[in-house]
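Chemist: Have a look at this one.
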Amino acid sequence: MKVLVTGAAGYIGSHAVRSLRQRGHAPFALDNLSRGHRQAVPADIPFVEADVRNTETLASLLRTERFDCVMHFAAFAYVGESVEAPLKYFDNNVGGTLSLLKALAGSEVRRLVFSSTCATYGDRAEVPIVEGAVQQPINPYGASKLFCERMILDLQRSLPDLGVALLRYFNVAGCAEDGTLGEDHDPETHLVPVMLRTALGLHPKLLVFGDDYPTPDGTCIRDYLHVEDLVEAHGVVMEALERGDRRVYNLGVDRGYSVREMLTAASDVVGFGIPFEVAARRPGDPAVLYADASKIEREVGWSARHTELREVIESAWRWFRGPPQG
Ligand SMILES: NC(=O)c1ccc[n+]([C@@H]2O[C@H](COP(=O)([O-])OP(=O)(O)OC[C@H]3O[C@@H](n4cnc5c(N)ncnc54)[C@H](O)[C@@H]3O)[C@@H](O)[C@H]2O)c1
């Protein structure tokens with residue numbers, strides 16, 4: 001299939017481009033490079049530098065390129081930043097998705113795979129979280145993605161032969177197994193890269209945001225899915241998506257690890273204790289989030305291959321210890 005990948009120069013989008021190609025599809029990359037890296041997309045993949053909020057550019061691209069599917073990764077994705085600058089998140093995430101949907105509505109594209117997040121659930125859902133759980137986001141990032149989900153589902157009511165997949169990721173971590181593609185955010189806020197950058201001496205110590213949560217060791221618990229498993233799930237779901245389908249799946253490994261457990265595992269991988277300090281809780285962080293990802297396995301046969309935390313951290317360490325970071 002010919003697939004438009006928005007946010008293709010970012011962490012997950014760039015892994016998705018690679019995985020789509022490996023599965024025999026023809027990815028076409030789009031990114032405004034606000035947070036991504038041009039070199040993360042191979043030079044022989046078609047690349048357009050554009051903002052998804054530019055509806056005219058998108059409409060003309062969809063008209064001329066006649067894609068079979070759009071995978072929409074382009075967004076801002078930091079909980080903390082969204083609390084400090086909520087309108088920036090609504091503008092880019094909701095505005096960007098609205099613009100894409102306007103272009104898509106006037107096109108022949110009949111498959112849409114959307115990057116959603118467990119942040120749409122908030123902190124009221126019981127763990128492990130199922131897709132039917134209450135969605136009450138507690139931060140603007142989660143709220144922006146929930147609005148996008150609703151816009152997509154409402155559009156589908158008016159375009160009944162559009163097949164849509166809303167994929168709610170939990171935490172994504174790790175890097176390509178061959179060490180040639182990885183995670184490089186600026187600023188970096190995700191736990192695995194921050195731990196490993198601390199191990200490399202690029203940060204003096206890791207800040208553990210809160211150790212007084214109602215969890216066994218007091219630190220937040222999250223579900224960490226390897227990025228290669230995540231992008232594989234996108235390919236599998238896209239291939240299964242029929243006209244008119246409405247598929248909503250959690251993507252995770254069905255278990256959570258606390259920040260302290262992550263620190264112990266990462267210290268073990270790097271071979272020494274990673275320095276850390278406990279800081280105040282960060283606004284907008286739920287105590288425990290992990291997935292029940294059994295629905296996607298039942299319906300399309302996908303489940304995570306990297307089920308050992310060590311494998312996820314080791315793949316990231318291979319990337320972080322190489323140039324330019326290490
Ligand atoms: N990383 C995670 O753990 C995680 C978890 C849940 C959901 N997600 C979702 O996955 C998607 C990708 O996340 P990521 O970690 O790869 O982030 P990222 O910042 O690495 O990638 C996002 C890419 O989108 C591009 N972009 C942003 N706004 C754009 C716009 N208006 N027009 C065109 N391009 C734009 C950026 O330049 C960047 O390359 C996001 O939608 C995010 O919400 C990520």
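Chemist: Share of antiparallel DSSP beta bridges in the chain, in percent to the nearest 5?
Modeler: Here the share of antiparallel DSSP bridges comes out near 5 percent.
Chemist: Moving to a separate point now. Just want to confirm a number: the relative contact order over the chain, from Cα pairs under 8 angstrom separated by 6+ residues, in percent.
Modeler: Reported relative contact order: 19 percent.
Chemist: Rank by packing, highest mean first: peptides 116-126, 264-274, with packing defined as the count of other Cβ atoms within 10 Å averaged across residues. Display every interim value, and only then the final one.
Modeler: Details: 116-126: 20.5, 264-274: 16.2.
Taking the mean over residues of other Cβ atoms within 10 Å, the ranking is 116-126, 264-274.
Chemist: Pick out, in residue order, every one of the GluC sites (Glu not before Pro) in segment 66-120 that is DSSP loop and has at most 10 other C-beta atoms within 10 Å; say none if there are none. Before the final figure, lay out each step's value.
Modeler: Details: sites: Glu81, Glu84, Glu108; in loops: Glu108.
Here the sparse-neighbourhood loop sites are Glu108.
Chemist: In addition: What FRET efficiency do you get for Leu207 and Glu108 if R0 is 35 Å and r is their Cβ-Cβ distance, rounded to the nearest 0.05? Intermediate results must be reported in sequence, preceding the final value.
Modeler: On the way: r = 49 Å, r/R0 = 1.39.
Using R0 = 35 Å, I get an efficiency of 0.10.
Chemist: Taking the Cα centre of segment 231-326 as origin, sum charge times position over the Cβ atoms of Lys and Arg (+1) and Asp and Glu (-1), and report the length of that vector in debye to the nearest 20.
Modeler: So the dipole magnitude of segment 231-326 works out to roughly 220 debye.
Chemist: Further question: Relative to the longest principal axis of the chain, what angle (0 to 90°, nearest 10) does the C-alpha long axis of helix 95-105 take?
Modeler: It works out to around 30 degrees.
Chemist: Under a Cβ-Cβ cut-off of 11 Å, what is the net charge of the residues other than Ala9 that fall near it, where Lys and Arg count +1 and Asp and Glu count -1?
Modeler: Within the 11 Å Cβ shell, the charges total -1.
Chemist: Something else: Can you give the charge dipole size of the chain about its Cα centre, rounded to the nearest 20 debye, using +1 on the beta carbon of Lys and Arg and -1 on the beta carbon of Asp and Glu?
Modeler: About 640 debye.
Chemist: Lys and Arg at +1, Asp and Glu at -1: add these up for the other residues within a Cβ distance under 13 Å of Trp317 and post the number.
Modeler: -1
Chemist: Which residue fluctuates the most in the chain, going by a Gaussian network model with Cα springs under 10 Å, if the choices are Ser294, Ser258, Ser158?
Modeler: Ser158
Chemist: Still on this model: With angles folded into 0 to 90 degrees, how steeply does helix 227-240 sit against the dominant principal axis of the chain? Use alpha carbons for both and round to 10.
Modeler: Helix 227-240 and the main axis of the chain meet at about 30 degrees.
Chemist: Where does the chain land at 222 nm, in deg cm²/dmol rounded to the nearest 500, when only DSSP H runs of n ≥ 4 count, each adding -39500 (n - 2.57), divided by all residues?
Modeler: Result for the chain: -11000 deg cm²/dmol, rounded to the nearest 500.
Chemist: Let's see if you can work this out: charge +1 on each Lys and Arg Cβ, -1 on each Asp and Glu Cβ, no other charges. What is the dipole magnitude of segment 28-125 about its Cα centre, in debye to the nearest 20?
Modeler: 240 debye
Chemist: Let me ask something else about it. If packing is taken as the average number of other Cβ atoms within 10 Å across a peptide's residues, how do 186-195, 35-44 rank, most packed first?
Modeler: 186-195, 35-44
Chemist: Ranked by Cβ crowding within 10 angstrom, fewest neighbours first, how are Ser99, Ser315, Ser144 ordered?
Modeler: Fewest to most other Cβ atoms nearby, the residues stand as Ser99, Ser315, Ser144.
Chemist: How about segment 256-308: which GluC sites (Glu not before Pro) there are in a DSSP loop, with at most 12 other Cβ atoms within 10 Å of their Cβ?
Modeler: Counting only loop positions with at most 12 other Cβ atoms within 10 Å, the GluC sites (Glu not before Pro) in segment 256-308 are Glu308.
Chemist: Now for a separate question. For the charge dipole of segment 132-277, defined by +1 on Lys and Arg C-beta atoms and -1 on Asp and Glu C-beta atoms about the Cα centroid, which residue among Gln135, Met262, Leu167 has the Cα displaced farthest towards the positive pole?
Modeler: Gln135
Chemist: Something else: What does the net charge come to around Met151 if you take all other residues with beta carbon closer than 12 Å to its beta carbon, with K and R at +1 and D and E at -1? Write down the numbers at each step before the final one.
Modeler: Details: positive: Lys102, Lys145, Arg150, Arg157; negative: Glu149, Asp154.
Combined, the nearby Lys, Arg, Asp and Glu give +2.
Chemist: Now, a different point. Label segment 172-326 by shape, choosing from rounded, prolate and oblate, from the square roots a ≥ b ≥ c of the eigenvalues of the Cα gyration tensor; if a/c is under 1.5 it is rounded, and otherwise prolate applies when a/b is larger than b/c, oblate when it is not. All intermediate terms of the calculation are to be shown ahead of the outcome.
Modeler: Details: a/c = 2.24, a/b = 1.44, b/c = 1.56.
Judged from the Cα gyration tensor, segment 172-326 comes out oblate (a/c at least 1.5, b/c at or above a/b).
Chemist: Considering Cα pairs under 8 angstrom that are at least six residues apart, work out the relative contact order of segment 250-326 and quote it in whole percent.
Modeler: Value for segment 250-326: 44 percent.
Chemist: Testing the spin-label approximation: label points 7 Å from Cα along Cα→Cβ at Ala43 and Arg246. State their distance in nm.
Modeler: If labels sit at Ala43 and Arg246, their model points lie 4.7 nm apart.
Here, each number is a calculation from the coordinates, and none is a lab measurement. Being a predicted model, the structure only gives us computed values, none of them experimental. Methodologically, a virtual Cβ is constructed for each residue, glycine included, from the backbone with ideal geometry; neighbour enumeration extends over all protein chains shown.
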